[in-house]
Amino acid sequence: MPRIIGNGGSGPTPGGGGTSPGIPGFDGDPGVDGFDGAPGAPGAAGATGAQGAGAPGFDGDEGPAGQPGPPGPSGATGAQGLVGAPGFDGEAGPDGLPGAPGVAGATGAQGPSGAPGFDGDAGADGLPGAPAPAGYGTVAGFVMFGNAQGIGIGNFYGPWLNYAEDATGTVESLLSVTMPAAGVLTNFRMKYTGGATSTGAATAVLRKNGVNTAMTATVPNGGTSASDTTHSVSVNAGDEIAIISTTSSTPSAQSILWISADFTR
């Protein structure tokens, strides 16, 4: 702030009549400082100083990441790259569902005939067939068995009235009939001539090759005849046919038992 300095006081008045100036008086005491004046207007801005040659400062800490900008436009499709080497085979995946059947192919040419195979074992006898309808086939004859010596459980009946070969009727092979040709046995009939049964029913069963068939006839107590026209038995040439008693009864005296079956080829 500028400082105002006061003027000193006047010295003694020269004497009257003298022509020489008087001696200057002593300087007075400094006057009291005046009040500060009002600030002056700011001066004009100085010219920009030259660029300093200081060393670069240290890098500041990295600021927080800004918000992602909007996606830029897609670039043009690049050129096709070179084909890479084949990769390793992956593991086999699970089997897929079966596809629909394909269209049947054309029938192939007939192959050459193979060598004949070995003969298989003989199969089991089939079930008896149903009786042939009326007028079917040709009746080639009938098979007849008889017995004039009484009836017992397990006895076999031969195709003649005397038991020259087996008087007891217990050996089937001696009383069976060998069929001369293939055919069907039907209309199994059983009859007493000379008297009825007196102490129970009498049952006879047709056997083929040592096995009972379904063809059965039973004469009831007091009866004289019976038949089985429902079942039939197929036979081949060489089959052995026999009749066996399965129920005990006592016929009247002098009774003769006849058993027959039609044979159709």
Which one of these is at pLDDT 85 or above, loosely packed, with under 10 Cβ neighbours inside 10 Å and either assigned to a loop (DSSP other than H, G, I, E, B) or of a type in the set (Gly, Ala, Ser) (or both): 56, 116, 133, 73? 73
Check segment 92-111 and report whether any residue there is within 30 Å of residue 213 (Cα to Cα) and either at pLDDT 85 or above or loosely packed, with under 10 Cβ neighbours inside 10 Å (or both). no
Restricted to segment 236-258, and to residues that are crowded, with 21+ Cβ neighbours inside 10 Å and at pLDDT 80 or above, which residue is nearest to residue 183 (Cα to Cα)? 241
Segment 217-234, residues that are surrounded by fewer than 20 Cβ atoms within 10 Å (Cβ to Cβ), in contact (Cβ under 8 Å) with a residue 40 or more places away in the chain and touching a Lys or Arg at 6+ places or on another chain (Cβ under 8 Å): 227
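The values are calculated or read from the model by the stated rules, or taken from the named source; none is laboratory data. Small disclaimer: the values here were computed from a predicted structure and weren't measured. A quick note on method: Cβ atoms are made from the backbone with ideal geometry, for glycine too, and the neighbour counts reach across all protein chains shown.
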